[in-house]
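Just below is one structure, and these are the notes that go with it.
The values are calculated or read from the model by the stated rules, or taken from the named source; none is laboratory data. Note that the structure is a prediction, hence the values are computed from the model and not measured. Neighbour counts run over all protein chains shown; Cβ positions are idealised from the backbone, glycine included. What goes into the accessible areas is simple: the full protein's heavy atoms, side chains included, and nothing from ligands, DNA or RNA. Shrake-Rupley method; radii C 1.70, N 1.55, O 1.52, S 1.80 Å.
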Protein chains: 2
Amino acid sequence: MSGPARLIALDWGTTSLRAYLLDDQGDVIDVVSNPSGIMAVQDGDFARALDTAIGAWRSRHPDLPIVAAGMIGSAQGWRDIPYVDCPAALDDLVAAMKRQSLTADCPLPIVPGVALRGAFPNVMRGEETQIVGALELRPQLGADCVLVLPGTHSKWVTMRGGRIVDFTTYMTGELFGVLGRHSILGRPARDAGAGEPDATVFQGVFRVASQVAAAAFEQGVLTIRDNPSRGLSSMLFLARALVLSGQLPAAFSLDFLSGLLVGEELRCGLAELPASGGAGIALIGETALCAHYVRALGLFGIAKPPIIEGAAAAGLWRIAAAAGIGSLSPTG
Amino acid sequence: MSGPARLIALDWGTTSLRAYLLDDQGDVIDVVSNPSGIMAVQDGDFARALDTAIGAWRSRHPDLPIVAAGMIGSAQGWRDIPYVDCPAALDDLVAAMKRQSLTADCPLPIVPGVALRGAFPNVMRGEETQIVGALELRPQLGADCVLVLPGTHSKWVTMRGGRIVDFTTYMTGELFGVLGRHSILGRPARDAGAGEPDATVFQGVFRVASQVAAAAFEQGVLTIRDNPSRGLSSMLFLARALVLSGQLPAAFSLDFLSGLLVGEELRCGLAELPASGGAGIALIGETALCAHYVRALGLFGIAKPPIIEGAAAAGLWRIAAAAGIGSLSPTG
């Protein structure tokens, strides 16, 4: 049983917009998900895209505050919000939110992304909000842990003392999409009628939930795990050569490819972990996607890490409350 | 001064057709290069594509024998010629050529590709012919060496006793093309007006011959060389993050990307070499492309390996002569 609507929270990324109507406890009353990611918005008319997505909510709740996170706060988005530097915690995000002067052009407070400086610079926009939400939803993770956010650009985030201190991006999802659609590696599956990999979302990786697909995925993970020195660039070609040599069914070559890419992400990500053997790892994301990471992690000897869903909405609620947006109180 | 025309030799690949008119010494009288690779041939009408390319030669020399190598002998080509298995030498290629029964549908003898069996299967079509030509052009390479053929699918080939005994494929060129054109990594360069990477040939990697481009390329190579454990999937994202953090000019981010990909190929290829420190490596390909590999190899401590150009025509001549095609004698 939901309470009264108190906040509209937007997880607005490159390829999709997800809007949450939240009640006075931060619980989700309603969700709208559509493909109006920032790259799909016509003529930069973000106000109209937003109205299309949540106009009905705003008619019913005209005074509800709105808050957003994700690529909507990038140079290609509605307003370019400067990054907060690592180490970054909730307080830093909230302070940066409070400094934003809203304008008629963009009346929307946007959670800043987080930047890592140095020889291996890195950036995130949206994941910082999911991290805040994940720690809120699962406080037993503690202040020191490694959070893995699978996706187009998977993030492995090291938390120390409740702060984001370091992170790495793996291009797992985008490599899969681009190679499956545009390289020779996608041809056997296309010829076999297995269909195109999904154009926009990483979940397309796992389009077939069959035993053969699962076996091909695991074969890919194990190939990477057991041959760490060969390098991804040559291993990728195996997705073609194994089909030509009759060792992999053409229709499942993309499952093998996704196994290679997820395997490479895990191999490198786990190698960076302290000698804790993977204690303190959690996955943040949709269960269907994270389940494949759990399966692959198992092949690396990491048993059943927790999966945290709903982190974006929880993080947006937490940050909005801490920033005093719409007079929400931090305790909900 | 050329002798009389004796052979038409075709290097017919996925994206281009290169035809050589050779004299009675195997020297090149004329070359035709056009984009009628097998993927561009309409309705499988290879005979017409061939006539368009070399009709003028055939009018002048109606009785000249023709021989071909490359993807034209694949399932997607004119006729599917079975692979010769490793270990493979000139004699094996010649024997397979002699077994071909020519038909009106495909009156053309085609050099078979070479297949590697086992847990890491691999295939080549066309490179085996370049290897025969390279050994002919540069006998001082000896029977034991490592031949590197940069390209869309770069090959590193181990020769023992004059036979192809092992080889690895790196997707260097295709990864560059696909990521530059279709992934987020190509966007900074596109926005900076640096133009699209070439759609079909790897040479597009090195479109800018400036000092800044060379520095960005070297930065990519060194980044891979000095951080072998981080893995390509995360290093690729650096091509974006370095631009966002102001550490790499957007217009040269593709040069950095090509440095990463060539660096990864060299890192893995060199790690597989015996402890000879790279003695006995030679590059086969166009000088403009190979020069960048020489530059990158220098950063790995390998000084000036030989570059062998013209290997395809030389190999086609050698194989045709050994097979007795058109009564050529093996000594030319």
Estimated [θ] at 222 nm from DSSP helical runs (n ≥ 4, -39500 (n - 2.57)) normalised by residues in chain A, nearest 500: -12000 deg cm²/dmol
Interface area, B with A, accessible, probe 1.4 Å, both sides summed, Å² nearest 100: 3900 Å²
Position B:Phe300, label points 7 Å along Cα→Cβ, spacing to each other copy in nm (shortest first, one decimal): 2.6
Average beta carbon contacts from partner chains per residue of B:157-165, 10 Å cutoff: 0
Shortest-first nm distances, A:Ala143 label point to equivalent points in other copies (7 Å, Cα→Cβ): 6.9
Listed peptides A:262-271, B:100-109, A:157-166, B:300-309 by packing density, highest first (mean Cβ within 10 Å): A:262-271, A:157-166, B:300-309, B:100-109
Chain B - percent relative contact order, Cα under 8 Å, separation 6 or more: 18 percent
The stretch B:60-158 - percent relative contact order, Cα under 8 Å, separation 6 or more: 24 percent
Listed residues B:Ile72, B:Val94, B:Tyr83: farthest to the positive end of the dipole of the stretch B:54-111 (Cβ charges): B:Ile72
At R0 = 41 Å, FRET efficiency that the Cβ-Cβ distance of A:Val294 and B:Gln76 yields, to 0.05: 0.60
Size of charge dipole - the stretch A:104-155 - debye, nearest 20, with Cβ of Lys, Arg +1 and Asp, Glu -1, no other charges: 140 debye
Cβ-based net charge around A:Gly161, under 14 Å, with every Lys or Arg adding one and every Asp or Glu removing one: -2
Other copies of A:Asp191: label-to-label distances in nm, shortest first, labels 7 Å along the beta-carbon direction: 3.9
Convex hull of Cα atoms in the stretch A:31-111, direction-averaged projection (nm²): 6.1 nm²
Calculated diffusion of the stretch A:54-201, Stokes-Einstein form, Kirkwood radius summed over Cα pairs, 4 °C and 1.567 mPa s, µm²/s: 74 µm²/s
Residue mean of other protein chain beta carbons inside 10 Å, B:223-230: 2
Whole-number percent relative contact order across the stretch B:73-123, with pairs defined as alpha carbons under 8 Å at least 6 apart: 41 percent
Projected area, mean over directions - chain B, Cα convex hull, nm²: 17.9 nm²
Antiparallel content of DSSP bridges confined to chain A, in %, to 5: 70 percent
Surrounding net charge for A:Asp43, when Lys and Arg each add one and Asp and Glu each subtract one, Cβ distance under 15 Å: -2
Peptide A:173-180 - average C-beta neighbours from other chains (10 Å radius): 4
Accessible area of the stretch A:1-148 divided out per residue, in Å², using a probe of 1.4 angstrom: 45 Å²
Carbon plus sulfur fraction of accessible area for the protein assembly as shown, probe 1.4 Å, in percent: 50 percent
Cα centre as origin, Lys/Arg/Asp/Glu Cβ charges: the stretch B:49-111 dipole, Debye: 200 debye
Distance histogram in 10 Å bins (all Cα pairs of the protein assembly as shown, percent per bin): 3, 15, 23, 23, 16, 10, 6, 3, 1, 0
Extreme residue, positive dipole direction of the stretch A:1-130, given options A:Thr103, A:Ser36, A:Trp57 (C-beta unit charges): A:Thr103
Signed unit charges on C-beta, dipole axis of chain A, positive-most listed residue A:Ala282, A:Gly263, A:Pro139: A:Gly263
Fraction of beta bridges assigned by DSSP in the protein assembly as shown that are antiparallel (%, nearest 5): 70 percent
1.4 Å probe, heavy atoms, protein only - residues of the stretch B:93-124 losing at least 10 Å² accessible area vs chain alone: B:Arg117, B:Gly118, B:Ala119, B:Phe120, B:Pro121, B:Asn122, B:Val123
Dipole magnitude of the protein assembly as shown about its Cα centre (Cβ charges: Lys, Arg +1; Asp, Glu -1), debye to nearest 20: 440 debye
Translational diffusion of the stretch B:80-157, µm² s⁻¹ [Kirkwood Rh, Cα pairs; Stokes-Einstein; 4 °C; 1.567 mPa s]: 94 µm²/s
